[in-house]
Amino acid sequence: MYFTEEHDFFRQSFKDFLQKEVVPHINKWEKDGTVERFIWKKFGEMGYFGLNQPEEHGGLGLDLFYTVIFLEELQKINSGGFAANMWAHAYLAMTHLNKEGDDRIKKEYLTPSINGDMIGCLCISEPFGGSDVAGMRTTAIKKGDTYVINGSKTFITNGVYSDYLVVAAKTNPEDKHKGMSILLVDRNTPGISSTKLDKLGWRASDTAEIAFDNVVIPAENLMGEEGKGFPYIMQHFALERLIMAINAHARAEFAVDYVITYMSEREAFGKTLDKFQALRHKVAEMASKVDMCREYNYSITKRLNEGVYVVKEASMSKMLSTKMADEVIYDALQLLGGYGYMEEYPLARLLRDSRLGPIGGGTSEILKEIIAKMIIDKKEYKPAT
């Protein structure tokens, strides 16, 4: 229903690429807390950063099911941090470049990003704000033909080693919602400092807190219209939440597949674990949960690909899929017994990495309130015009 033969060919080629070019380095990157730059260039050379980007800027202009495959296969090499670096660059930072950037910005930043020559990060969350996007304190005050940025951001994926930052800031601090704008900041601009954060999971990712101390950028680095930053962010949140939902069903599927293989090989009391009814039924329950979420996520992807504004569905999907993934991976680890707790087996890392799902990109608590507003209060969220 969703995937063509071309999609299947792409999935196999991307799987092969990951096994050859990425998997041999994963443990090193997890230990070092950074992904070496050469792999960004290889992704760019293969066109993986341009799957959904327009052809006139070096992209491939493909449908969103290529993105689904990209996300799913990244989850199945068991490094949530590496996967996050890749998709945060391609679908958070680059989405704003494509949607709000002018021709100059697209030429100087989007095309090099597609080619893997530049790395981007998206800076929205703040130390005192978290999920309260409209309450952000970072300001970008216009002075002549420049903006002066002051404030701080936190939990920023690619926040240490990126070449540019897509920053949400208040250009009119008096207006809570309409006073926010999106600006492009080059990493070499004086006044930017980044501090790497020490995390439970996503160890390969350079998540950072970033400070802006009188950072002066050209006024031409404003992206889109001044004051429309909030609706731009909300509009793109639908894609981000769907991405995190797809990530969730993919890592849960990886856990189920792994545990089925493990149970077929591990013996206890004279027979393999997959012959014990209690364990078989647990796996049946786990697989059913994955299947339900995956099918719903595919249907939302189809609607988003057709131009439907899926903020409610994507919010529901992220909320339920990330919770499901945590539950399934927890159960999968349990089915491995003591080996599940060992670092040489994949479930320990997978459990840690998965736990960010219900937090990042909008906490489950915030999503419940957004959904409640839509289904109880009949609130309508509309795309930015």
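For the chain, what is the relative contact order in percent, using Cα pairs closer than 8 Å and at least 6 residues apart in sequence?
Dividing the mean separation by the residue count of the chain yields 16 percent.
Ignoring ligands, DNA and RNA, what percent of the 1.4 Å accessible area of the chain is carbon and sulfur? Let's see the in-between values first.
Numbers: 9030 of 17230 Å².
On the chain, the fraction of accessible area on carbon and sulfur atoms equals 52 percent.
Give the distance, in whole Å, between the Cα centre of region 354-372 and the Cα centre of region 134-149.
28
Counting only complete DSSP H runs, which helices of the chain cover 20 Å or more along their long axis at the Cα atoms and score a mean Kyte-Doolittle of -0.5 or above?
The answer, listed by residue number, is 229-265, 311-335.
Can you tell me how region 196-306 classifies by the Cα gyration tensor, rounded, prolate or oblate, using a/c under 1.5 as the rounded cut?
oblate
What is the extension gain from residue 272 to residue 12, computed as 0.36 nm multiplied by their sequence separation minus the C-alpha to C-alpha distance, in nm to one decimal?
90.5 nm
Could you sort out which of 99/373; 178/312; 176/368; 99/228 sit more than 19 Å apart by Cα distance in this structure? Write out the running numbers ahead of the final one.
Numbers: 99/373 27 Å; 178/312 22 Å; 176/368 22 Å; 99/228 13 Å.
Violating the 19 Å limit, Cα to Cα: 99/373; 178/312; 176/368.
I'd like the accessible area for residue 333, computed on protein heavy atoms only with a 1.4 Å probe and all protein chains in place. Round to 10 Å², please.
Only protein atoms counted, so the area is about 30 Å².
How would you classify region 109-158 from its alpha-carbon gyration tensor, with a ≥ b ≥ c the square roots of the eigenvalues: rounded for a/c under 1.5, else prolate if a/b is greater than b/c, otherwise oblate?
oblate
Plugging the Kirkwood radius over Cα pairs into Stokes-Einstein for region 1-104, at a temperature of 25 °C and a viscosity of 0.890 mPa s, what D comes out in µm²/s?
169
Sorted by accessible area with a 1.4 angstrom probe, largest first, how do 355, 241 fall? Let's see the in-between values first.
On the way: 355 115, 241 10 Å².
Highest to lowest solvent-accessible surface, that is 355, 241.
Evaluate E = 1/(1 + (r/R0)^6) for residue 216 and residue 102, where r is the Cβ-Cβ distance and R0 equals 22 Å; express this FRET efficiency to the nearest 0.05.
0.65
Set the Förster radius R0 to 56 Å, insert the Cβ-Cβ distance between residue 299 and residue 143 as r into 1/(1 + (r/R0)^6), and round the FRET efficiency to 0.05.
It comes out at approximately 0.70.
Tell me the mean residue ellipticity at 222 nm calculated for the chain from its helices only (DSSP H runs of n ≥ 4, each -39500 (n - 2.57), averaged over every residue, nearest 500).
After summing the helix terms and dividing by the residues of the chain, the value is -14500 deg cm²/dmol.
Which value, in debye to the nearest 20, gives the size of the charge dipole of the chain about its Cα centre, when Lys and Arg are +1 and Asp and Glu are -1 at the Cβ?
Using Cβ point charges on Lys, Arg, Asp and Glu, the chain gives about 780 debye.
Please name whichever of 171, 77, 91 sits farthest to the positive end of the charge dipole of region 60-206, dipole taken about the Cα centre and charges placed at Cβ: Lys and Arg +1, Asp and Glu -1.
Sorting the options by dipole projection puts first 171.
Which of the trypsin sites (Lys or Arg not before Pro) across region 97-164 are loop residues per DSSP, with 16 or fewer other Cβ within 10 Å?
Values: sites: 99, 104, 106, 107, 137, 142, 143, 153; in loops: 137.
Here the trypsin sites (Lys or Arg not before Pro) that fit, given the DSSP loop and packing criteria, are 137.
Ranked from the most accessible area to the least, with a 1.4 Å probe and all protein chains present, what is the order of 14, 276, 128?
Solvent-accessible surface, decreasing: 128, 276, 14.
If each of residue 56 and residue 261 carries a label point 7 Å out from its Cα toward its Cβ, how far apart are those two points in nm?
Placing both labels 7 Å beyond Cα along the Cβ direction yields 4.5 nm.
What number comes out for accessible area per residue over the chain if the probe is 1.4 Å? Units Å², please.
On the way: 17230 Å² over 385 residues.
Per residue, the chain has 45 Å² of solvent-accessible surface.
Only Lys, Arg, Asp and Glu count, each charged at its Cβ (+1, +1, -1, -1), so figure out the dipole size of region 1-86 about its Cα centre, rounded to 20 debye.
Charge dipole, region 1-86, about its Cα centre: 460 debye, nearest 20.
The values are calculated or read from the model by the stated rules, or taken from the named source; none is laboratory data. Just so it is clear, the structure is predicted and the values come from calculations on it, not from any experiment. Reconstructed Cβ throughout: ideal geometry from the backbone, glycine too, with neighbour counts over all protein chains shown. Each accessible area value is taken on the protein alone, full model and side chains, heavy atoms only, with ligands, DNA and RNA left out. Shrake-Rupley method; radii C 1.70, N 1.55, O 1.52, S 1.80 Å.
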